Every structure is written in C-alpha cells, then in structure tokens.
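Student: So that we are looking at the same thing, I have put the structure below in structure tokens.
The values are calculated or read from the model by the stated rules, or taken from the named source; none is laboratory data. Predicted, not measured: the structure shown is a model, and the values here were computed from it. Don't worry about glycine lacking a Cβ; one is built from the backbone with ideal geometry, like all the others, and counts go over all protein chains shown. The accessibility values were calculated without ligands, DNA or RNA, using every heavy atom of the protein model including side chains. Shrake-Rupley method; radii C 1.70, N 1.55, O 1.52, S 1.80 Å.
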Amino acid sequence: MTGTRGGRAVVVGAGHNGLVAACYLAKAGRDVMVLEASDRPGGGSRTEETVPGHRFDMHSVAHNIINMTVIPRQLDLAGAGLEYQEMDPFSVAIFADGRRVRFHRSIEATVDSIAEHSRDEAKAYTAFMAKAIPVIRTILPAVQGEMPLRDVPTRLTALVQALRHAPAATVADALGPYESLLRRRLASDLTRAPVSAFAAHAGVGPSMPGGALYAWWQAAYHLFGQWHARGGAQGLTDALVRRLDALGGELRCNAAVVRIEAAGGRVTAVVTEDGERVETGAVITAIDPKVALLNLLDPPLAGQDRADLTAARRGNVVQALLHVATDRLPPYPNARAGDWNGLQSFVDRLDDLVTGWAAAEARHLPDTLPLYAFTTSAIDDTLAPPRHHTVYLACPAAPSRIRGGWPARKEEFVERCLETVEDRAPGFRASIVGVATHTPDEMERGGRWPGAHPMYLDLSLDQLGPFRPTRRLGRHRTPVGGLYISGAGTGPTGGIAGTPGRAAAQALLADTNR
C-alpha cells in the first residue's frame with residue numbers, strides 16, 4: 001500500500017468523521033475539500049426541527065467516546081462553539097411496576113439506588129463494576145485510537161494479572177454474549193434489564209458472541225460520564241464546520257461523488273453527480289466502505305480484498321425512532337430531580353431484549369418492543385419552546401427489512417411506542433403536541449445508509465479495531481495509492497468517536513511525509 005503526493009486532498013462525506021479528518025489535514029497545512037452528498041453536513045450527528053418548534057437529534061444523542069479522546073482539545077472545538085453538558089444520572093430504569101434504579105456517574109450513588117430495592121443486587125453490581133473497570137481501562141487506548149497493535153499482548157497480559165483471581169472466567173466472559181455475562185454476574189432483571197438496554201444502545205444484540213464488551217462498557221460511563229452537545233448533536237457538526245473554515249478548508253454540500261478514478265492503481269480524481277471532475281492524488285472516504293471501495297472506486301477493489309470486504313457483515317437489526325413533542329416531561333410517578341437527564345430505559349426483562357432481537361433479525365416487529373428515551377430538553381432549553389419538551393424514543397431492536405414493509409407497519413409501531421411510555425408515565429399521551437417518525441426506511445433514504453445502518457457494519461468482536469472493516473483494510477489504507485478510508489465502518493469503532501477520522505488523516509499525512 002503506497003503513499004500519496006502533496007496537493008489538494010478530498011474527503012468524501014461530511015459526517016463527523018469526515019469533518020474530523022478534514023480538520024486534521026487542514027491543521028497540518030493541507031489544502032482540503034469535503035464533498036457531501038446531502039444538502040447539509042453531519043450525517044448521524046444532525047439535529048432538525050422535525051416537529052414545528054421542536055428540534056430532535058436524527059440519530060446520535062449522547063456523545064461519549066469522543067469525550068474520552070483528545071480530539072475536542074486538539075481541534076479546540078470549545079473555541080468553535082461546542083459546549084457539552086453532562087447527563088447525570090446517565091441512565092434511569094423505569095420499570096412498569098413502578099420501581100426505579102438510577103445509574104449515576106458515581107458508582108457509590110448507583111449502588112445506593114440499587115440497594116433501595118435489593119442489597120444483594122447492589123453487592124452484585126459492585127462486583128460487576130470491579131470486574132468491568134480493569135477491562136475498560138485496558139481496551140480504552142484502542143478505542144481512543146492510541147494503542148498500536150504491538151501493545152495488545154502486553155495489555156492483555158496486564159488485564160489477566162489485574163483479574164488474576166479468576167482469569168479463565170474472565171476470558172470466558174469476554175468471548176461470550178452479554179446475555180450470558182449478565183445472567184452470571186448480576187442477580188436479577190433489576191440490573192440485568194437496564195444494563196442490557198444500554199448495551200443494546202450500541203447496536204449489538206444480547207446473543208452475539210463477544211458482545212460482553214458492550215455490557216462491560218457500562219463502566220466507561222462511571223469513569224467518564226455521558227455527554228450531550230448543547231443544541232443537540234448538531235452542536236458537534238457546527239463546531240467542526242467552523243473549525244474547518246477557520247483552518248482554510250472547504251465544504252461543499254449537494255455534491256455526491258459517483259466515481260473515484262484510480263487507473264494504474266493510484267487515485268487521480270473524483271467525479272461528482274453533476275459531472276464535475278476534481279483532480280486529486282489524495283482521497284479519504286468517510287462513508288460506507290463497501291460503497292466506497294466496491295461501487296465508487298473505478299476500477300473497484302479486487303481479489304482477496306474484495307472478497308473480505310464483501311463478506312463483512314451487517315445484520316437486519318437497527319434502530320427505529322420516534323420524535324415526540326410534548327408540553328411537559330414524561331410524568332413518571334414518584335420521579336426525582338434528574339430522572340430526565342439521561343437515557344430512560346423501558347426494558348423490564350433481559351428476555352424481552354433477547355426475543356426482540358431475534359424477532360427483528362427474522363424481519364418481524366418484536367412482540368414486546370424494547371424501548372428507551374432521551375429527554376435532552378430537560379437540560380438544554382434550546383431544543384423546544386418554553387414549557388415544552390422533546391422526547392426521543394428509540395427501539396434498538398427494530399428490523400431494517402420488515403415483513404409487509406415499514407409503511408404498512410409504521411402506525412402500529414407509533415401506537416405501541418406511545419403506549420409503552422403511557423404505561424410508565426400515566427398522562428403522557430395527553431401531553432403530546434406533535435409526533436414525527438424516523439423509521440429504518442426513512443433513515444436509509446435520508447441518511448444514505450445501506451440497510452439503515454449508521455455504523456455500516458455490525459460491531460461484532462471480529463469487526464472491531466484493526467479488523468474493521470477487514471484485517472487487510474484495518475489501518476485505513478487501501479491497495480490504491482492515495483486512497484484512505486474512514487467513517488463508522490472503519491477502526492477502531494463506530495459511534496460518535498472521531499477516532500476513525502483522525503486515524504485516516506494521520507495515515508495520509510504519515511505517508512505524505514515518507
């Protein structure tokens with residue numbers, strides 16, 4: 001895999017990773033142009049007025065991983081207007097029977113909340129976090145994009161030593177699904193259900209082998225907190241656009257790229273939908289890597305690289321969203337101040353998530369809808385008019401392709417979501433002033449996300465870090481000179497991280513310097 005020459009660099013896609021990559025290139029003195037197919041930047045980090053007067057995030061709500069990195073500081077995003085507000089408690093379990101469990105950044109406060117219902121369960125959660133924190137501290141540098149592959153054996157050895165009293169059980173936990181981990185480590189659905197709901201928030205099913213990481217990731221929120229960008233997810237996008245402009249970079253929207261020319265094994269130009277040909281020897285794609293390398297690249301990826309990328313998996317389970325504008329916050333009985341700050345889980349049983357995921361994979365709407373809510377207007381008064389609120393409802397186990405098609409099932413989905421909240425917050429339906437849907441068919445069209453997957457590929461253990469999207473493409477370089485890949489489908493992970501964008505820019509700059 002060869003390097004690139006100097007001159008103009010082109011970034012394809014203005015999601016947050018594409019903008020991060022462009023900012024790092026511009027910061028290093030490169031002439032950079034970002035081409036975005038949509039009429040505005042942001043991708044999954046957009047906030048729109050989907051109900052008159054009420055602004056909702058179109059996908060991402062909590063920006064956690066990026067706040068575990070140096071990216072906001074290195075790009076001075078605060079200086080570009082980005083303000084993050086902590087969501088604490090980061091999660092509250094709202095059970096149908098009236099019980100509440102509040103998960104604070106403080107483990108001690110969380111344990112106290114659990115102990116209001118069960119001291120045994122509180123002890124089990126304490127032990128679970130004692131296991132999880134060393135795991136998270138060990139893998140965190142990789143998630144932050146700062147751990148070379150050569151360091152992995154050393155860190156794994158350190159992890160086993162940290163958990164030396166039961167290393168075999170720890171390895172078994174790590175290789176298994178989080179369904180099994182939670183059944184072994186936690187005593188009942190009092191904590192299993194809300195922890196699984198938060199794990200599912202990552203788009204990973206409870207029965208996926210290797211998925212235990214996403215339940216252990218609960219510890220990351222205790223260590224680093226959960227964060228909301230003031231003004232919604234758009235706050236991150238707007239700050240990146242301002243920073244790019246200040247650094248001299250260029251952003252063009254309504255400029256869909258239809259071809260990346262690479263005759264002779266080296267990038268020479270990109271061609272837009274309107275026929276414009278932009279000559280360049282350096283391209284970073286921050287879109288679905290399958291689309292970039294199998295559809296846009298001319299000639300397309302071939303040989304083993306093509307076979308590996310073609311085989312990269314994305315299942316049929318995605319999120320379906322409901323944007324509900326209200327004249328009050330959900331009226332949970334016996335609520336306490338702060339109960340609306342973070343994620344509100346409506347998953348009563350781990351089994352509901354297990355069976356719901358299996359149903360969605362089989363193209364059915366689950367019999368019991370796993371559901372959670374964010375009410376960020378409780379801490380951000382820019383999202384709704386005075387005395388009004390935004391309720392972002394998400395089903396993490398919705399089928400991308402559904403039997404009968406989404407248009408035929410949408411009304412049923414809406415009614416069942418609203419009824420779930422009404423059961424836990426009597427009077428909720430009377431507070432509604434408007435509803436907008438954002439179902440998988442709408443996400444696929446609006447976001448240009450194949451299969452409505454904002455992360456493009458499943459976050460399975462074999463499709464993370466240096467194996468994302470494939471082992472041979474895991475360093476953001478491609479067999480084509482001057483062509484690099486970024487975005488949620490590349491390493492180390494999807495979500496609002498920014499690390500794939502920074503890593504791709506670093507690879508391009510390193511090759512240029514060589």
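Student: Leaving out ligands, DNA and RNA, and with a 1.4 Å probe, what % of the accessible surface on segment 30-137 is carbon or sulfur?
Tutor: 47
Student: I need the peptides 15-24, 76-85 ranked by packing, meaning the mean over residues of other C-beta atoms within 10 angstrom, with the highest value on top.
Tutor: 15-24, 76-85
Student: Could I ask something else about it? How much of the DSSP beta bridge set in the chain is antiparallel, as a percent to the nearest 5?
Tutor: 65
Student: Another question about this same structure. Sequence neighbours fewer than 8 away in the same chain don't count; with that in mind, list the aspartates and glutamates whose C-alpha is under 16 Å from K410.
Tutor: The qualifying aspartates and glutamates are D367, E419, D441, E442, E444.
Student: Quick one: what are the phi-derived ³J(HN,Hα) couplings along segment 334-344, Karplus 6.51/-1.76/1.60 with θ = phi - 60°, whole Hz, x for glycine and proline?
Tutor: Karplus values, whole Hz, x for Gly and Pro: 6, 6, 10, 4, x, 5, 9, 6, x, 5, 10.
Student: Add -39500 (n - 2.57) for each DSSP H run of 4 or more in the chain, then divide by its residues: what number comes out at 222 nm, to the nearest 500 deg cm²/dmol?
Tutor: -10500 deg cm²/dmol
Student: Using amide H atoms built 1.01 Å from N in the peptide plane, name the residues 5+ places from D458, or on other chains, whose amide H lies under 5 Å from its own.
Tutor: HN-HN under 5 Å from D458: R313, R314, G315.
Student: Here is a follow-up. Over 24 Å, how big is the tail of the calculated P(r) for segment 359-514, in percent of all Cα pairs?
Tutor: 52
Student: Quick one: what do you get for segment 226-370 if you divide its Cα Rg by 2.2 N^0.38 Å?
Tutor: Its radius of gyration relative to the 2.2 N^0.38 Å reference: 1.54.
Student: Mind sorting out which of (i) 47, 30, 18; (ii) 55, 26, 23; (iii) 37, 27, 21 is the real semi-axes √(5λ) of the Cα gyration tensor in Å computed from the coordinates?
Tutor: Checking each listed value against the structure points to (iii).
Student: Sketch the reach of a paramagnetic label on A335 as a point 7 Å from Cα along Cα-to-Cβ, and name the residues of segment 76-90 whose backbone nitrogen lies under 19 Å away.
Tutor: Within reach of a label on A335, which here means backbone N under 19 Å from a point 7 Å along Cα→Cβ, segment 76-90 contributes 86-90.
Student: Suppose all protein chains stay in the model; what accessible area per residue would a 1.4 Å probe give for the chain, in Å²?
Tutor: That works out to 37 Å² per residue.
Student: Name the residue farthest towards the positive end of the dipole of the chain from the options P299, H364, I66, assuming +1 on Cβ of Lys and Arg, -1 on Cβ of Asp and Glu, about the Cα centre.
Tutor: So the residue furthest toward the plus end is P299.
Student: For segment 262-276, in order, what is each residue's ³J(HN,Hα) by Karplus, 6.51 cos²θ - 1.76 cosθ + 1.60 with θ = phi - 60°, in whole Hz (x at glycine and Pro)?
Tutor: 8, 5, x, x, 9, 4, 10, 5, 10, 10, 8, 4, 8, x, 6
Student: Mind listing P(r) for segment 248-316? All alpha-carbon pairs, 10 Å bins, whole percents.
Tutor: Spelled out per bin, shortest first, that is 18, 49, 25, 8, 0.
Student: Let me ask you something else. If each of D423 and E86 carries a label point 7 Å out from its Cα toward its Cβ, how far apart are those two points in nm?
Tutor: Reported label-point gap for D423 and E86 is 3.4 nm.
Student: Next question, about the same structure. Sorting check: for 121-133, 253-265, 285-297, which peptide has the highest mean count of neighbouring beta carbons within 10 Å, and how do the rest follow?
Tutor: Ranked by mean Cβ neighbours within 10 Å, highest first: 285-297, 121-133, 253-265.
Student: So for each of 54-65, 457-468 I average, over its residues, the number of other beta carbons within 10 Å; can you give me the resulting order with the highest mean first?
Tutor: Ranking, from highest mean packing down: 54-65, 457-468.
Student: May I pose another question? Measure off, as a whole percent, the carbon and sulfur share of the 1.4 Å-probe accessible area of segment 412-514, all protein chains present.
Tutor: About 51 percent, which is the carbon plus sulfur part of the accessible surface.
Student: Between D308 and N254, with labels modelled 7 Å along Cα→Cβ, what's the label distance in nm to one decimal, could you check?
Tutor: 4.0
Student: Which helices count as membrane-span-like in the chain under these terms: full DSSP H, at least 24 Å along the axis by C-alpha, Kyte-Doolittle mean of 0.0 or more?
Tutor: Counting only whole DSSP H runs, the qualifying helices are 119-143.
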